[in-house]
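These notes are about the structure you will find just below.
The values are calculated or read from the model by the stated rules, or taken from the named source; none is laboratory data. Just so we're clear, the structure is a prediction, and the values are computed from it rather than from any experiment. Positions of Cβ are generated from backbone atoms using ideal geometry, with glycine treated the same way; all protein chains shown enter the neighbour counts.
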């Protein structure tokens, strides 16, 4: 019986946890929630699944002292300390929203859209990989690719990408649980880019080309998130797409 620590409270994290609790060959020793809570990072469903299955909801510090063989992180929003990464025998598996190594870090949807046209990079993806001491730098277990459409908004690409997470997780779950040690994984190759939380431009440069302006607005069109704007004189003017 493999002991597993589960991290994440996105709505798709809950889908994956639901897969996991149905297994008879694994026991979940605890769940650690995301720091942030919003429409897509909603702890209520995760808490409900944990309560029904008699699983403890833990803080990250509490979880670090437990004994378990495998960690599973699904859209978790905190960096795992190096000592904790090294602790479980079978490693910690992470689901990253973005193709690796080209879009490491955060806000991958934004960067995918604004980079697609100038770099002719019209593919996005999600990546299942092992954690190491870097940020999104560990070996890749599996991935799923999907196209970036020329008229995708951030919300549209995000919804299509996150909807594929449960299937990617489910198709790898058998071997993650049945294998003693780590499953086969490939080292990351190719151009690597890391983006931090400040690497996002809410202000749109209206002197740029029409395509660049359009892409910048699309990349920031996500209900509930900060909106794109332009400065016209001393006025901040918010920008939105329209079919008219």
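When you look at residue 156, is it free of Cβ contacts under 8 Å to residues at least 40 places away in the same chain and outside any loop (DSSP other than H, G, I, E, B), yes or no? Before the answer, list the steps.
Numbers: free of Cβ contacts under 8 Å to residues at least 40 places away in the same chain: yes; outside any loop (DSSP other than H, G, I, E, B): yes.
Answer is yes for this residue.
Which residues, taken from segment 167-184, are in a helix (DSSP H, G or I), in contact (Cβ under 8 Å) with a residue 12 or more places away in the chain and either farther than 15 Å from residue 73 by Cβ or touching a strand residue (DSSP E or B) at 6+ places or on another chain (Cβ under 7 Å) (or both)? Working first, answer last.
Filtering segment 167-184 for residues in a helix (DSSP H, G or I) gives 167-178.
Filter once more, so that each one left must be in contact (Cβ under 8 Å) with a residue 12 or more places away in the chain: 167-173, 176-178.
Within segment 167-184, 167, 168, 169, 170, 171, 172, 176, 177, 178 meet the criteria.
Is it the case, given these coordinates, that residue 135 is in contact with a strand residue (DSSP E or B) (Cβ under 7 Å, 6 or more places away or on another chain), surrounded by fewer than 17 Cβ atoms within 10 Å (Cβ to Cβ), part of a loop (DSSP other than H, G, I, E, B) and on the phi < 0 side of the Ramachandran plot?
Values: in contact with a strand residue (DSSP E or B) (Cβ under 7 Å, 6 or more places away or on another chain): yes; surrounded by fewer than 17 Cβ atoms within 10 Å (Cβ to Cβ): yes; part of a loop (DSSP other than H, G, I, E, B): yes; on the phi < 0 side of the Ramachandran plot: yes.
When the stated conditions are applied, residue 135 passes them.
Filtering segment 194-204 down to residues that are in contact (Cβ under 8 Å) with a residue 12 or more places away in the chain and part of a loop (DSSP other than H, G, I, E, B), which residue is farthest from residue 79 (Cα to Cα)?
First pass over segment 194-204, keeping only residues in contact (Cβ under 8 Å) with a residue 12 or more places away in the chain: 194-197, 199-204.
Now drop any that are not part of a loop (DSSP other than H, G, I, E, B), which leaves 196-197, 199-202, 204.
Details: 196: 12, 197: 13, 199: 18, 200: 20, 201: 24, 202: 25, 204: 30 Å.
So, considering only residues that are in contact (Cβ under 8 Å) with a residue 12 or more places away in the chain and part of a loop (DSSP other than H, G, I, E, B), the one farthest from residue 79 (Cα to Cα) is 204.
If residue 45 satisfies every condition in (1) within 24 Å of residue 178 (Cβ to Cβ); (2) in contact with a helix residue (DSSP H, G or I) (Cβ under 7 Å, 6 or more places away or on another chain); (3) buried (at least 16 other Cβ atoms within 10 Å of the Cβ) but one, which is the exception?
(1)
May I ask you to verify whether residue 98 is modelled with pLDDT of 95 or more, in a loop (DSSP other than H, G, I, E, B), within 13 Å of the chain's Cα centre (by Cα) and surrounded by 15 or more Cβ atoms within 10 Å (Cβ to Cβ)?
On the way: modelled with pLDDT of 95 or more: yes; in a loop (DSSP other than H, G, I, E, B): yes; within 13 Å of the chain's Cα centre (by Cα): yes; surrounded by 15 or more Cβ atoms within 10 Å (Cβ to Cβ): yes.
Taking the combined requirement at face value, the residue satisfies it.
Restrict the check to segment 218-236 and report whether at least one residue is touching a strand residue (DSSP E or B) at 6+ places or on another chain (Cβ under 8 Å) and without any contact (Cβ under 8 Å) to a residue 12 or more places away in the chain.
Just the residues of segment 218-236 that are touching a strand residue (DSSP E or B) at 6+ places or on another chain (Cβ under 8 Å), to begin with: 227-231, 236.
Checking which are without any contact (Cβ under 8 Å) to a residue 12 or more places away in the chain leaves us with 236.
Yes, segment 218-236 contains at least one residue that is touching a strand residue (DSSP E or B) at 6+ places or on another chain (Cβ under 8 Å) and without any contact (Cβ under 8 Å) to a residue 12 or more places away in the chain.
Is there a residue in segment 55-72 that is within 26 Å of residue 179 (Cα to Cα), touching a residue at least 60 places away in the same chain (Cβ under 8 Å), under 16 Å from the mean Cα position of the chain (by Cα) and part of a helix (DSSP H, G or I)?
No - not one qualifying residue is present in segment 55-72.
Looking only at segment 208-226, which residues are assigned to a loop (DSSP other than H, G, I, E, B) and either at pLDDT below 95 or surrounded by 12 or more Cβ atoms within 10 Å (Cβ to Cβ) (or both)? Break it down stepwise before answering.
Within segment 208-226, the subset assigned to a loop (DSSP other than H, G, I, E, B) is 208-209, 220-226.
Of everything in segment 208-226, those that are assigned to a loop (DSSP other than H, G, I, E, B) and either at pLDDT below 95 or surrounded by 12 or more Cβ atoms within 10 Å (Cβ to Cβ) (or both) turn out to be 208, 220, 221, 222, 223, 224, 225, 226.
Being touching a helix residue (DSSP H, G or I) at 6+ places or on another chain (Cβ under 9 Å), under 24 Å from residue 179 (Cβ atoms), surrounded by 13 or more Cβ atoms within 10 Å (Cβ to Cβ) and at pLDDT below 95 is the requirement here; does residue 23 meet it? Quick ask: steps written out before the conclusion?
On the way: touching a helix residue (DSSP H, G or I) at 6+ places or on another chain (Cβ under 9 Å): yes; under 24 Å from residue 179 (Cβ atoms): yes; surrounded by 13 or more Cβ atoms within 10 Å (Cβ to Cβ): yes; at pLDDT below 95: yes.
For residue 23, the condition - touching a helix residue (DSSP H, G or I) at 6+ places or on another chain (Cβ under 9 Å), under 24 Å from residue 179 (Cβ atoms), surrounded by 13 or more Cβ atoms within 10 Å (Cβ to Cβ) and at pLDDT below 95 - is met.
Restricting to segment 227-244, and then to whatever is loosely packed, with under 10 Cβ neighbours inside 10 Å and in a loop (DSSP other than H, G, I, E, B), can you tell me which residue is modelled with the lowest pLDDT?
The residue in question is 244.
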